[in-house]
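Here is the structure we will look at, set down as structure tokens.
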Ligand SMILES: [Zn+2]
């Protein structure tokens, strides 16, 4: 009996943070969703060249096309590189993009790695001769913003609030219309890679409208634990895509103006999982040990201004009352104010900018009342949650990429400012040290 109970428990899909009404809406949407029967994706279906921005891409090849963001005869048309991997067999068309916000670097870095030889060469995961369907990879949509190290387009607007755009509208609206036409409107799925805004950092997480069946399936296919159920903001790529019933998710990881290795790694893990789930590339998708479908996150805000001293970082599992940060003011020494976890939960986003004013966000907090153990069973020595896909070697690293170095020198002892002294005896010392391994060293 006890054994049976345990077995049943292991099947629990953690959705306790979703309100009942929302849960019902999701259930209804999933029940109404019929698995698509797409004869054009049949292995035996006709499959030929594809076109992207007037360029032809043959089956089993990849090609980088420069697509102008603005259709102009004069001035800069802002061409951006888009790489099309056109598989040798029929399948869906997926757009993977980064840099909608020009200062968010998780997407650009992820896309760049995916386009490297370690992924696209013969026999590698994205080898187009082995692939089914078509992948469009767009490392940086907002290239003018990226060059200016800015979130925005040069007219000061946020591209992710102007979809599906208007070819006769503002500069950003025109860009949105162009991107919408060529990159998104005919896609079978969209994965939009983001980071937190300036001065903040996010732990790897997926944001999706779970009451949209296609997006729900895509969100789970990504293969990570934290999924925030959120209705997309007006003008966002997510909203425009869902209006056309195109599955879409936003991945969030790291922060603006920084390159977070772990977030990039998890993003690549997620993209490959999505492609495997769609049967576009070989292999089975990796799945997390559990999923948290959540809508109950909230922002913890500074009650005072001054210097914010963060004790923990994004991804930390917190117990109620544990200190997240303290605020002090150099103008008023002797007084500090603690910001504590309001309940048990997960800090999914955290401030990284120590300059703070009353009302500024310090943390993005996901209260987890019932299933905290799922989180606390999967943490590192600093109490940080280990996201599925974040462990082990970087998937894009190859044996020949690993430099092996021998550091020569003797520590002269004393203070940390002491210098390394190179000694002639080092070769002898080394010979001594490694003599035990002589057999292994011999080849
Ligand atoms: Zn963003």
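The values are calculated or read from the model by the stated rules, or taken from the named source; none is laboratory data. What you see is a predicted model; the values in this text were computed from it and never measured. Positions of Cβ are backbone-derived with ideal geometry, glycine not excepted, and every protein chain shown enters the neighbour counts.
Can residue 325 be described as assigned to a strand (DSSP E or B), at pLDDT 95 or above, under 22 Å from residue 107 (Cα atoms) and out of contact with any helix residue (DSSP H, G or I) (no Cβ under 8 Å at 6 or more places or on another chain)?
no
Among the residues of the range 258-302, count how many are crowded, with 20+ Cβ neighbours inside 10 Å and in a strand (DSSP E or B).
4
Residues are listed down the side, and each one gets a yes or a no for (1) outside the structural domain of residue 40 (by TED's automatic domain parsing); (2) within 16 Å of the ligand (Cβ to nearest atom):
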position	(1), (2)
244	no, no
247	no, no
252	no, yes
260	no, yes
276	no, no
282	no, no
302	yes, no
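Find the residue count for the range 200-224, including only residues that are in contact (Cβ under 8 Å) with a residue 60 or more places away in the chain and either within 16 Å of the ligand (Cβ to nearest atom) or not assigned by TED's automatic domain parsing to the domain that holds residue 150 (or both).
Selection size over the range 200-224: 7.
Within the range 97-113, is there a residue that is in a strand (DSSP E or B), within 30 Å of residue 289 (Cβ to Cβ), under 24 Å from the mean Cα position of the chain (by Cα) and at pLDDT 95 or above?
Yes, that holds for at least one residue.
Taking residue 102, is it within 28 Å of residue 202 (Cα to Cα) and out of contact with any strand residue (DSSP E or B) (no Cβ under 9 Å at 6 or more places or on another chain)?
yes
Condition check: away from the ligand (no atom under 16 Å from the Cβ), outside any loop (DSSP other than H, G, I, E, B) and within 19 Å of the chain's Cα centre (by Cα). Does residue 80 satisfy that?
No; evaluated as a whole, the condition is false for this residue.
Here is a list: 230, 234. Which entry is over 25 Å from residue 128 (Cβ atoms), away from the ligand (no atom under 15 Å from the Cβ), surrounded by fewer than 24 Cβ atoms within 10 Å (Cβ to Cβ) and touching a residue at least 60 places away in the same chain (Cβ under 8 Å)?
That would be 234, the only listed residue that is over 25 Å from residue 128 (Cβ atoms), away from the ligand (no atom under 15 Å from the Cβ), surrounded by fewer than 24 Cβ atoms within 10 Å (Cβ to Cβ) and touching a residue at least 60 places away in the same chain (Cβ under 8 Å).
Cβ-Cβ below 7 Å, separation at least six or inter-chain, first residue in the range 10-26 and modelled with pLDDT under 50, second exposed (fewer than 15 other Cβ atoms within 10 Å of the Cβ): which pairs?
From the range 10-26, the pairs are 16/370.
Within the group 110, 171, which residue is under 15 Å from residue 71 (Cβ atoms) and in the same structural domain as residue 81 (by TED's automatic domain parsing)?
171
Could you pull out the residue among 186, 155, 166 that is more than 16 Å from the ligand (Cβ to nearest atom), in contact with a strand residue (DSSP E or B) (Cβ under 8 Å, 6 or more places away or on another chain), outside any strand (DSSP E or B) and modelled with pLDDT of 95 or more?
Of 186, 155, 166, the one residue that is more than 16 Å from the ligand (Cβ to nearest atom), in contact with a strand residue (DSSP E or B) (Cβ under 8 Å, 6 or more places away or on another chain), outside any strand (DSSP E or B) and modelled with pLDDT of 95 or more is 186.
Could you tell me whether residue 197 is at pLDDT below 95 and within 16 Å of the ligand (Cβ to nearest atom)?
So residue 197 fits the description; yes.
Filtering the range 115-152 down to residues that are in contact with a helix residue (DSSP H, G or I) (Cβ under 8 Å, 6 or more places away or on another chain) and without any contact (Cβ under 8 Å) to a residue 12 or more places away in the chain, which residue is farthest from the ligand (Cβ to nearest atom)?
127
Is one or more of the residues making up the range 211-218 part of a loop (DSSP other than H, G, I, E, B) and within 27 Å of residue 356 (Cα to Cα)?
Taking every residue of the range 211-218 in turn, none turns out to be part of a loop (DSSP other than H, G, I, E, B) and within 27 Å of residue 356 (Cα to Cα).
Against the condition surrounded by fewer than 17 Cβ atoms within 10 Å (Cβ to Cβ), more than 16 Å from the ligand (Cβ to nearest atom) and outside any loop (DSSP other than H, G, I, E, B), how does residue 173 come out, does it pass?
Answer is no for this residue.
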